[in-house]
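First comes the structure, then the notes that go with it.
The values are calculated or read from the model by the stated rules, or taken from the named source; none is laboratory data. Nothing here was measured: the structure is a model prediction, and the numbers come from that model. A quick note on method: Cβ atoms are made from the backbone with ideal geometry, for glycine too, and the neighbour counts reach across all protein chains shown.
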Amino acid sequence: MFREVGWETNANAKELVITANIAINKVHESVYAQKSADKLDEFALESLNETIKTRRQGVHPQLIRVEVPLKKSSEQNHPLHNDDVCAKLLDWLPNLPIVHYGGEQAKIEAKLCAQVNEFFRIIKQYSQAT
């Protein structure tokens with residue numbers, strides 16, 4: 001969930017970044033009792049992007065991504081159905097995959113599906129070791 005900010009591309013992308021930042025840093029908040037920032041400067045964006053990337057690695061990998069179903073008439077105004085908003089979001093967080101199911105995005109979906117399969121293979125490998 002994120003705030004309604006109108007139609008402006010950058011404003012919508014910023015709200016999506018803030019939402020991702022809050023979701024990704026929930027554990028940090030509970031441990032350190034610090035709320036995630038609503039304003040993210042260039043350093044914070046780079047840090048968030050690197051966090052998304054590095055959480056895919058290690059002993060307990062995580063795959064963080066945004067999933068968007070096919071457009072329905074009721075969803076066409078959603079910011080993640082706006083190509084400009086998605087492009088801006090990926091400018092700021094290139095390691096945050098955005099999956100649009102179906103249509104021309106099928107190649108991207110296949111690539112991300114392979115990442116998910118690899119993610120679960122790694123989890124299974126470590127769960128069997130314990």
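Points worth noting:
- Every listed requirement among (1) at pLDDT 80 or above; (2) surrounded by 13 or more Cβ atoms within 10 Å (Cβ to Cβ); (3) under 18 Å from E8 (Cα atoms) is met by N49 save one, (3).
- Whichever residue in region 102-112 is under 15 Å from the mean Cα position of the chain (by Cα) and of a type outside the set (V, I, T) and, among such residues, is modelled with the highest pLDDT: L112
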